[in-house]
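See below for the structure under consideration.
The values are calculated or read from the model by the stated rules, or taken from the named source; none is laboratory data. Treat the numbers as computed from the prediction; the structure is a model and nothing was measured. Glycine also receives a Cβ, built like all others from the backbone with ideal geometry; neighbour counts cover every protein chain displayed. The accessibility values were calculated without ligands, DNA or RNA, using every heavy atom of the protein model including side chains. Shrake-Rupley method; radii C 1.70, N 1.55, O 1.52, S 1.80 Å.
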Amino acid sequence: MLSGKTAVITGAAKGIGRAVAERFAAEGCNIVLNYRSNIDDEVIEKIKSFGVECLPFKADISNFNEAEELIKTAKNTFGNIEVLVNNAGITRDMLAMRMGEDEFDSVINTNLKGTFNTIRFASNIMLKQKSGTIINLSSVVGLIGNAGQANYAASKAGVIGMTKSVARELGSRGITVNAIAPGFIETDMTDVLSDDIKKNMLATIPLKRFGKAEEVAEVAVFLAKNRYITGQVINIDGGMVMN
Ligand code: NAP
């Protein structure tokens, strides 16, 4: 079903994005692997080892024009975009009362506007194809908030509102749009947190362990394959948030 199709993954040089790219490669998708600063050859070689094409593309997705180039290049190279995973994201943690304008703007521009930027251009292509899946990385923090993350929580809550709106816009053409809300996943993003914070987090997780990037990637592939789930937020958090 996904074999021979194209998956564009943003921020895929490491962490969850890399795991998602490898998982879609294992399904037979050609991968357009967006990165911002740099990418190891080993990441590209691993994806190619699944027998698919891998096009690394440097772009800052918070930049409207660079996001357009990313999506146009993906379409021009492979002829279709079946899957778009908006994974690129940053944190700039600080209490709201001390937060500077740059900490707020940079997080919103990457996590929220960056997600809009790629959707803006990929949705035109998917509408013409009459097929496609958009998967946006939100966070449990976007659902329940977190002290010190007013900027990040706002961006991830915004991603949920955007997901539901675009799901309504694109549904009539068979295009699904969903969000994944991870809890605490072991990546560079969470590695920087203090042992105290990690210990406190662990106490809130019923499954008593942190999640793995590969487990998030499984959810992304599930959402891409299923054609009757749209506008949903799938929590993958060891039970932190129970709706
Ligand atoms: P990560 O290890 O820090 O990786 C994030 C990736 O995004 C990096 O490769 C980074 O590239 C890239 N990126 C950042 N800004 C970008 C931009 N403007 N344009 C293109 N790429 C950009 O983070 P992660 O833990 O894998 O997180 C992936 C996603 O899941 C994020 O959206 C995050 O908010 C979300 N999430 C993670 C967790 C968790 O516990 N890890 C929980 C909930 C949600 P550079 O290194 O070059 O900057």
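Using θ = phi - 60° and the Karplus curve 6.51 cos²θ - 1.76 cosθ + 1.60, what whole-Hz ³J(HN,Hα) does each residue of the stretch 13-18 get, with Gly and Pro shown as x?
6, 7, x, 4, x, 5
Give me the net charge of Phe104's neighbourhood, meaning all other residues with Cβ under 13 Å from the Cβ of Phe104; Lys, Arg count +1, Asp, Glu -1. Could the numbers behind the result be given before it?
Values: positive: Arg92, Arg98, Lys113; negative: Asp93, Glu101, Asp102, Glu103, Asp105.
Once positives and negatives cancel, what remains is -2.
Before I look further, what does the stretch 163-206 give for accessible area per residue, probe 1.4 Å, in whole square angstrom?
Numbers: 2450 Å² over 44 residues.
With all protein chains present, the stretch 163-206 gives 56 Å² per residue.
To the nearest 500 deg cm²/dmol, what mean residue ellipticity at 222 nm is calculated for the chain from DSSP H runs of n ≥ 4 alone, each contributing -39,500 (n - 2.57), summed and divided by the residues?
Numbers: 10 runs with 109 residues, N = 243.
Roughly -13500 deg cm²/dmol at 222 nm, from the helical runs in the chain.
Suppose R0 equals 25 Å; then what is the FRET efficiency for Phe64 and Met189 from their Cβ-Cβ distance, rounded to the nearest 0.05? Intermediate results must be reported in sequence, preceding the final value.
Working: r = 24 Å, r/R0 = 0.98.
Rounded to the nearest 0.05, the efficiency is 0.55.
Using the charge dipole of the stretch 67-200 (Lys, Arg: +1 at Cβ; Asp, Glu: -1 at Cβ; taken about the Cα centre), state which of Gly145, Thr91, Leu193 has its Cα farthest towards the positive end.
Final value for the positive-end residue is Gly145.
May I ask you to compute the full-extension gain from Glu214 to Ser3, defined as 0.36 nm times their residue separation minus their alpha-carbon distance, rounded to one decimal in nm? Before the final figure, lay out each step's value.
Details: separation 211, 0.36 × 211 = 75.96 nm, distance 1.94 nm.
Working it through step by step, the gained length comes to 74.0 nm.
Please pull out the direction-averaged projected area of the stretch 165-241, using the convex hull of its alpha-carbon atoms, in nm² to one decimal place.
On the way: hull surface 23.4 nm².
With the hull built on Cα positions only, its mean projection is 5.8 nm².
Using the heavy atoms of the protein chains alone and a 1.4 angstrom probe, what is the accessible area of the stretch 1-63 per residue in square angstrom?
On the way: 2670 Å² over 63 residues.
Roughly 42 Å² per residue, with all protein chains present.
Amide H of Ile234: which non-local residues (sequence gap of 5 or more, or other chain) have their own amide H closer than 5 Å, using H built in the peptide plane?
Residues meeting the amide H criterion: Ala179, Ile180, Ala181.
Please report Rg (one decimal) and Dmax (integer) in Å for the Cα set of the stretch 144-188.
13.4, 40
Output the 0 to 90 degree angle, nearest 10, between the alpha-carbon long axis of helix 114-129 and the longest principal axis computed from the alpha carbons of the chain.
Compared with the principal axis, the helix lies near 30 degrees.
Which of the lysines could be linked to Lys72 by a straight reach, that is with a Cα gap under 16 Å, when you skip same-chain ones fewer than 8 residues away?
Excluding near neighbours in sequence, the set is Lys5, Lys58, Lys128.
Please compute, over every Cα-Cα pair in the stretch 1-97, the percentage with a separation greater than 17 angstrom. Please report the intermediate quantities before stating the final value.
Working: 2142 of 4656 pairs.
Percent of Cα pairs beyond 17 Å in the stretch 1-97: 46.
Once R0 is set to 25 Å, what does the formula 1/(1 + (r/R0)^6) return for the Cβ-Cβ distance between Lys130 and Ile205, expressed as a FRET efficiency to the nearest 0.05? Let's see the in-between values first.
Working: r = 41 Å, r/R0 = 1.63.
With R0 = 25 Å, the Cβ-Cβ based efficiency is 0.05.
Treating the beta-carbon of each Lys and Arg as +1 and of each Asp and Glu as -1, no other charges, what is the dipole magnitude of the chain about its Cα centre, to the nearest 20 debye? Write out the running numbers ahead of the final one.
Details: 27 positive and 27 negative charges, 194 e Å.
Approximately 940 debye in magnitude.
In the chain, how does Rg compare with the Kirkwood Rh, expressed as the Rg/Rh ratio over alpha carbon atoms?
Values: Rg = 17.0 Å, Rh = 17.9 Å.
We get a ratio of 0.95 for the chain.
Out of the total accessible area of the chain (probe 1.4 Å, heavy atoms of protein only), what percent is carbon and sulfur?
Values: 5790 of 11380 Å².
The C+S portion of the solvent-accessible surface of the chain is 51 percent.
Each residue of the stretch 53-66 in turn: what ³J(HN,Hα) in whole Hz from Karplus with 6.51, -1.76, 1.60 and θ = phi - 60°, glycine and Pro shown as x?
Along the stretch 53-66, the couplings run 7, 9, 10, x, 9, 7, 7, 8, 6, 6, 9, 3, 5, 5 Hz.
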